[in-house]
1. If you go through the stretch 1-22, how many residues are in a loop (DSSP other than H, G, I, E, B) and modelled with pLDDT of 95 or more?
2. Given ASP25, ASP30, which one is at pLDDT 95 or above, more than 20 Å from ALA86 (Cβ to Cβ) and in a helix (DSSP H, G or I)?
3. Scan ALA131, ALA121 and give me the residue that is assigned to a helix (DSSP H, G or I) and touching a strand residue (DSSP E or B) at 6+ places or on another chain (Cβ under 8 Å).
4. May I ask you to list pairs of residues, at least six apart or on different chains, whose Cβ atoms are under 6 Å apart, with the first in the stretch 158-185 being in the same structural domain as ARG147 (by TED's automatic domain parsing) and the second being aromatic (Phe, Trp, Tyr)?
5. Test THR146 against the stated conditions and say whether it is within 28 Å of LEU173 (Cβ to Cβ), of a type outside the set (D, E, K, R) and under 19 Å from the mean Cα position of the chain (by Cα).
6. Return the residues of the stretch 43-58 that are farther than 19 Å from ARG83 by Cβ and either in contact with a Phe, Trp or Tyr (Cβ under 7 Å, 6 or more places away or on another chain) or part of a helix (DSSP H, G or I) (or both); say none if nothing qualifies.
7. Please tell me if ARG113 is under 30 Å from LEU14 (Cα atoms) and out of contact with any helix residue (DSSP H, G or I) (no Cβ under 9 Å at 6 or more places or on another chain).
8. Tally the residues that are within 26 Å of THR170 (Cα to Cα) and not small (Gly, Ala, Ser), restricting the search to the stretch 89-134.
Amino acid sequence: MTSGAVAGRYARALFDVVLKEAPRDLDAVDAQIHDLASLFTGNAALAAVMGNPAVPVTKKVAITNALLERAGSLAVPVAKLARMLAERDRLMILPDLARAYRDRLMDHQQVIRGDVTTASALAPETVTALAAGLERATGRKVVLETRVDPSIIGGVVTRLGSTVYDGSVTTQLEKLKQSLIEAGQ
């Protein structure tokens, strides 16, 4: 089983426990699990120790317990999960687990992420209006990230989940070119 699949199972279990026991803490747990992932992977020395199979699991558990004590007040499920991952020598899946948890949380909250690519920067009110239109179309809250890519010449390319709406001038020119080629044959 891939580490992504394993991380997904842990994320699903964590989400289900928090949803059942403390639904108000869903967002706090999201922040805490991302902070833990950053802690264990952001520090090169710590990541090297935790990712090294030559370091005994008992030492990894001891380090994890010490870090959790210093971390202060973490939600009980988050602390238990960190200890369990340390005992199973799987702390390095935390970044994947954090992403999977956030995806599950956003799905639960009816939020969908989207990317908008344009040839030049969009005004904030234009982005807001675009998000509002996409929210009406999808029935979900839309969080947009904007990108600028001059190679599309003009228009907009919007990605919502796995769906792409390509209204770029470059794509329109490619379609026109293809139709002219087909008409000439």
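The values are calculated or read from the model by the stated rules, or taken from the named source; none is laboratory data. Treat the numbers as computed from the prediction; the structure is a model and nothing was measured. Cβ atoms come from the backbone with ideal geometry, glycine included; neighbour counts cover every protein chain shown.
1. We begin by selecting, within the stretch 1-22, every residue in a loop (DSSP other than H, G, I, E, B); these are 1-2, 22.
Cutting the leftovers down to modelled with pLDDT of 95 or more gives us none.
Within the stretch 1-22, residues that are in a loop (DSSP other than H, G, I, E, B) and modelled with pLDDT of 95 or more number 0.
2. Working: ASP25 fails: at pLDDT 95 or above.
Unique residue meeting the criteria: ASP30.
3. On the way: ALA121 fails: assigned to a helix (DSSP H, G or I).
Among ALA131, ALA121, only ALA131 is assigned to a helix (DSSP H, G or I) and touching a strand residue (DSSP E or B) at 6+ places or on another chain (Cβ under 8 Å).
4. That search, which allows pairs on different chains as well, returns THR158/TYR165.
5. Details: within 28 Å of LEU173 (Cβ to Cβ): yes; of a type outside the set (D, E, K, R): yes; under 19 Å from the mean Cα position of the chain (by Cα): yes.
For THR146, the condition - within 28 Å of LEU173 (Cβ to Cβ), of a type outside the set (D, E, K, R) and under 19 Å from the mean Cα position of the chain (by Cα) - is met.
6. ALA44, ALA45, ALA48 - these are the residues of the stretch 43-58 that are farther than 19 Å from ARG83 by Cβ and either in contact with a Phe, Trp or Tyr (Cβ under 7 Å, 6 or more places away or on another chain) or part of a helix (DSSP H, G or I) (or both).
7. Details: under 30 Å from LEU14 (Cα atoms): yes; out of contact with any helix residue (DSSP H, G or I) (no Cβ under 9 Å at 6 or more places or on another chain): no.
Answer is no for this residue.
8. 13
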